[in-house]
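Reviewing the structure listed below.
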């Protein structure tokens, strides 16, 4: 039996134009656990939000979230199901 769980991960980018490449590199690295991805920008600013549905064990999700959080201006929140 797998220890994988389903998560919703919300990633906020303060300046999506500056952070997009770094965020994309991390998403590609952990792409094996990403089931779906949706990106939305705030029309009145440079902010953006990416929502991900993720299937991973807790340790892998923490590693993924921490790597995203180390990018300046990026905030990560998760919901576990």
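The values are calculated or read from the model by the stated rules, or taken from the named source; none is laboratory data. It should be emphasised that the depicted structure is a prediction, and the values quoted were computed from it without experimental measurement. Note that we place each Cβ from the backbone using ideal geometry, even for glycine, and neighbour counts take in every protein chain shown.
Look at segment 58-71 and say how many of its residues are within 18 Å of residue 17 (Cα to Cα) and either part of a strand (DSSP E or B) or touching a residue at least 24 places away in the same chain (Cβ under 8 Å) (or both).
2
Do you know which residues across segment 37-57 are more than 20 Å from residue 18 (Cβ to Cβ) and touching a helix residue (DSSP H, G or I) at 6+ places or on another chain (Cβ under 6 Å)?
Selection gives 54, 55, 56.
Can you give me the number of residues within segment 1-31 that are assigned to a loop (DSSP other than H, G, I, E, B) and either surrounded by fewer than 14 Cβ atoms within 10 Å (Cβ to Cβ) or out of contact with any strand residue (DSSP E or B) (no Cβ under 9 Å at 6 or more places or on another chain) (or both)?
3
Considering only segment 32-57, state which residues are in a loop (DSSP other than H, G, I, E, B) and surrounded by 15 or more Cβ atoms within 10 Å (Cβ to Cβ).
Hit for segment 32-57 is 47, nothing else.
Under 9 Å between Cβ atoms, at least 6 apart or on separate chains: pull out the pairs that start in segment 28-48 with a residue that is on the phi > 0 side of the Ramachandran plot and at pLDDT below 95 and end on any residue that is loosely packed, with under 14 Cβ neighbours inside 10 Å and part of a loop (DSSP other than H, G, I, E, B).
none
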